[in-house]
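Laboratory data are not the source of any read-out in this text; all were calculated from the coordinates shown. Predicted, not measured: the structure shown is a model, and the values here were computed from it. Cβ sites come from the backbone with ideal geometry, for glycine too, and all protein chains shown count toward neighbours.
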Amino acid sequence: MRIGIIGAGYIGRSVAAAAVKAGHEVMVSNSRSPGTLFSLIGTIGCKAGTTAEAAAFGELVLVAIPLHAHQSVPIAPLEGKIVLDASNYYSQRDGHIAELDEEAITVSGLLARHLPKSRVVKAFNAIAAGDIEKDGLPRGSPTRRALPIAGDDLEAKRVVSEFFDQIGYDVVDAGPLTEEWRFQKDTPAYCVPFNRPEMLAALAAA
């Protein structure tokens, strides 16, 4: 599968490395230019492009940028596509966003509103970047880590679950996108290495 990644920070780089290792084609982009990703290409074995090129390239596209920049994500090339949103809300970095402070919308709800024709799935926000490459285990391992997702499109979540399995993780479906709050920062499930039963319990305890 072709994976496009918008954002070349810690999460974007770690997912890129895990995806390449699992046999996927990957194109990474950042807010500057493909030329600034030269070392990443050589280290991971991925391609580099602009954000629009990465969006067009990917059958599955990860958005891993600061939340305050979500409106910079290209819209047209992502129509109909599965978009993984790894965003978290940090007011110290993103500034105060009234809708989030008032709990009038969820974090991924902002991106879904920006991308009304994309199939947005919340993913990769509840694992530390440094754990993504090292914590993956083969299917059936009793201590295999489970990661939560949320989204409104069942087929999109099926594809995302298969991708997670390929890079070494079980998946716990938290439900529709409005339920992503169950694994946002400051919740029991946030960035804790739980297996599937433990993750289910943590989501329920939120």
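Starting with the fewest neighbours, write out Thr143, Thr187 ranked by other beta-carbon atoms found within 10 Å of each beta-carbon.
Thr143, Thr187
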Just how large is the dipole of region 65-139 about the Cα centre, in debye to the nearest 20, putting +1 at every Lys and Arg Cβ and -1 at every Asp and Glu Cβ? 400
Give the share of C-alpha pairs in each 10 angstrom bin for region 1-60, from 0 to the last occupied bin, in whole percents, shortest bins first. 28, 64, 8
Counting DSSP beta bridges in the chain, what percent are antiparallel, to the nearest 5? 10
Computed on alpha carbon atoms, what radius of gyration and Dmax characterise region 51-158, expressed in Å? 14.9, 43
Counted neighbours (other Cβ, 10 Å), sorted fewest up, put Cys46, Cys191 in the order Cys191, Cys46
Please arrange His96, His68 by counting, for each residue, the other beta carbons lying within 10 Å of its beta carbon, fewest first. His96, His68
Of the convex hull drawn through the C-alpha atoms of region 2-205, the volume per residue in Å³ is 108
Charge tally for neighbours of Phe183 with beta carbon under 15 Å away, counting Lys, Arg as +1 and Asp, Glu as -1, is -2
Quick note, region 135-206: a/c under 1.5 would make it rounded; otherwise a/b > b/c is prolate and the rest oblate (a ≥ b ≥ c, C-alpha gyration tensor); here it is oblate
Within the chain, helix-based [θ] at 222 nm, where runs of 4 or more DSSP H residues each add -39,500 (n - 2.57), nearest 500: -9000 deg cm²/dmol
